[in-house]
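Structure, as structure tokens:
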Amino acid sequence: MFIRHIKRIALLLTLALPLGVSAQVAMPDTILHKPKPVEISYYDQDSFDRPTLIEKIIKYFNNTNKVTAPKKFDFSILGGPYYSSDTKFGVGVVAAGLYRKNLADTINPAGQVNLYGSLSITKYFKVGIDGSQYFGNRSPWISYDVSFESMPDKFWGIGYAQCSDDANETRYKRWHASLEASVLFRLLGDNFYIGPRILLDYLDGKHITRPDLWHNQKWKTFSDGIGFTIVYDSRDNEFNAYRGINFRLDQMFAPRFLGNKYAFSFTELNFNYYVPTWKGCILATRFHTRCTYGNTPWGLMSKLGGNVSMRGYWEGRYNDKCAADLTIELRQHVWKRIGVVAWGGVGEIFPRLEEIFKGHALWNAGIGMRWEFKHRVNVRLDYGFGQHQQGMIFSINEAF
């Protein structure tokens, strides 16, 4: 029986050989014949050289500040976690774009548009878009800022007596939407501009428990204003000046015939001066004042604090019809794309222009780090402190 099975297997092998099925009855000679290396066909050799996602991100940020040939539109995105004493921990994203209509134009500044947004653990969120557009011979020049924010806010009242009293601290929810835009025309040389300006501002305060701090004003206000702007600007760069002067005067009117329940007007003046001091260091000075007249709504009172004026103070902690502040800042380049800053300043709020320097001065100081995100465009991290106040700010572009 066993022999019969062997004969059957041999017969099947004999029939299979002509059909192309090979039979190997002996091991290959490994001494005389070098074995052929096994090739893995489902791997592409280039796949081993492909950068990882982390490597791509590092390469992207390494090259963002490189000076390259002008582009019609140069777009970059920056995002990450941040901390602010006003909004606590959150995530912010800034998409910055620089663009030119004429690539051969090396005299006029590039236009800039910034899309920004942030969200924090305190249910604060803000979205907006701002930028500047220049045309031939820098005339006209359009600037704009549109934003919407919702946040759990604090309020201490209006005027120094109320604002300085810690016992007045009260919480409420603020919804705020605004649009500011101006069109400036060049006059009297290359650096002088004048033109119309518009303002739309909507503010809604919710969950207010102490209306006396609001001086019994309406919690929901809408203001629309028209006016004009005068600018003298000799800075070498709008976003990160090394030298020059920037003077700006805004005069706005919000009369009743435009639909304002609170008829008022305001005058705002900014004067910035930049000068190199020693190697890699710039001295930047800012004087700012804003005075309102008439029946000013609580949301458009003049304020100290925030990410520009008196950094480290809660924005709006000190507010009145008028405010003024002075800041002196040293900006020192340290290494490659990294720099540091230190500043000191003083500010004051007061009810009328003639009472300036007669109230209670507030001091301010701080330090910060700079990282050059794009050429002459810095990302900043500032820590400011003052009279019983402190705060951290993460933003793009210099404070002034």
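Worth pointing out:
- With 26 Å as the limit on Cα-Cα distance, the pairs of Lys126/Lys358; Lys126/Lys220; Lys123/Lys206 that go past it are Lys126/Lys358.
- Over segment 281-400, Cα pairs under 8 Å with separation of 6+ residues give a relative contact order of 24 percent.
- Packing-based order for 344-354, 321-331, using average beta carbon neighbours within 10 Å, highest first: 321-331, 344-354
- Backbone phi angles across segment 208-221, fed through the Karplus curve with coefficients 6.51, -1.76 and 1.60 (θ = phi - 60°), yield HN-Hα couplings of 7, 10, 10, x, 5, 5, 8, 6, 6, 6, 5, 7, 10, 10 Hz in residue order; Gly and Pro are listed as x.
- Here the Karplus relation 6.51 cos²θ - 1.76 cosθ + 1.60, evaluated at θ = phi - 60°, turns the backbone of segment 150-165 into coupling constants of 9, 7, x, 10, 10, 9, 10, x, 10, x, 4, 4, 6, 5, 7, 8 Hz, with x for every Gly and Pro.
- For Lys279, the aspartates and glutamates whose Cα comes closer than 16 Å to its Cα, not counting residues fewer than 8 places off in the same chain, are Glu329.
Quick note: the coordinates plus some simple rules give every number you see, no bench work behind them. Model, not experiment: these values are computed from the prediction. All Cβ positions, glycine included, derive from the backbone under ideal geometry; neighbour counts span all protein chains shown.
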